[in-house]
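Notes to accompany the following structure.
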Amino acid sequence: MNIKPDFSKNANMAATAPAFLSVWDIHSYYGESYIVQGVSFNVHEGEILALLGRNGAGKTSTLRSIARIGNPQVTHGEIWLDHQPLHTMSSYQAARAGLGLVPEDRRIIAGLTVEENLQLAQIAPPVGWSLERLYELFPRLGERRKQEGTTLSGGEQQMLAIARALARDIKVLLLDEPYEGLAPVIVDEIEKTLHTIKEQGMTTILVEQNAVRALELADRAVILDTGSVVFDASAAEVLDNAELRAEYLAI
């Protein structure tokens, strides 16, 4: 029987506010490898959710499943964004519905300047994120707007990847390992930016190996282990639970 997800409460009873994004019992495969094994959680509007777990726990695969990327293949479950059924959509339709995935490799387009990368992504006319507003959020990008995007530093490329996602006036930002390979001072800058866009109402799902920093930033945390949810609660609860952190996050 196909039961629709309950938008009135979190499936794991971690929150009672209406869900903005609801992931309900999704199962995904890479070929015959069973990667995402019945994952369910809700994300509330304006919330930062940290999606955590050890290497191979299924975090990136869950993000890609939500974004409707071709691999892994979702074989079961439902994904709803603001009451729109993403599970019936292709990846480009899900993007148009408001999902913005920033992959670990950033995928800055070679041969295009910073500004051209942003213009290519931007809807016309921009509703919420004009180039001026993006440069205000990321002053470094404004200073380098005419520089080829692939020649930026790693931290600046990450800023560009986030700005490019925002340029499409998205509803939910999906970040896959945004701190990977970056100096702490750059991570600080990116975290300040994520705080700023949260204050402006952005909903974010953050996958990050630096679990402590992710938990310090996030409102809530979902922990995965071998493709399944093992814990869903406030980020503060995870930070306060040494046994849980040791068992599932190795910290």
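Identify the single condition in (1) buried (at least 20 other Cβ atoms within 10 Å of the Cβ); (2) out of contact with any Leu (no Cβ under 6 Å at 6 or more places or on another chain) that TRP129 does not satisfy, given that it satisfies every other one.
(2)
I need the full set of residues from segment 181-192 which are surrounded by 15 or more Cβ atoms within 10 Å (Cβ to Cβ) and either farther than 15 Å from ALA218 by Cβ or of a type in the set (D, E, K, R) (or both), in order please.
Initial filter on segment 181-192 (surrounded by 15 or more Cβ atoms within 10 Å (Cβ to Cβ)): 182, 186-187, 189-191.
Within segment 181-192, LEU182, ILE186, GLU189, GLU191 meet the criteria.
State whether the residues of segment 94-103 include one that is closer than 25 Å to GLY154 by Cβ, surrounded by 17 or more Cβ atoms within 10 Å (Cβ to Cβ) and either of a type in the set (Val, Ile, Thr) or over 18 Å from the mean Cα position of the chain (by Cα) (or both).
So far as segment 94-103 goes, yes, one or more of its residues are closer than 25 Å to GLY154 by Cβ, surrounded by 17 or more Cβ atoms within 10 Å (Cβ to Cβ) and either of a type in the set (Val, Ile, Thr) or over 18 Å from the mean Cα position of the chain (by Cα) (or both).
Is it true that GLU199 is over 13 Å from the mean Cα position of the chain (by Cα), buried (at least 18 other Cβ atoms within 10 Å of the Cβ), modelled with pLDDT of 95 or more and closer than 30 Å to VAL127 by Cα?
Working: over 13 Å from the mean Cα position of the chain (by Cα): yes; buried (at least 18 other Cβ atoms within 10 Å of the Cβ): no; modelled with pLDDT of 95 or more: yes; closer than 30 Å to VAL127 by Cα: yes.
Here the answer is no, as GLU199 does not meet what is asked.
The values are calculated or read from the model by the stated rules, or taken from the named source; none is laboratory data. Computed from a prediction, not measured in an experiment: that's the story for all the values here. Don't worry about glycine lacking a Cβ; one is built from the backbone with ideal geometry, like all the others, and counts go over all protein chains shown.
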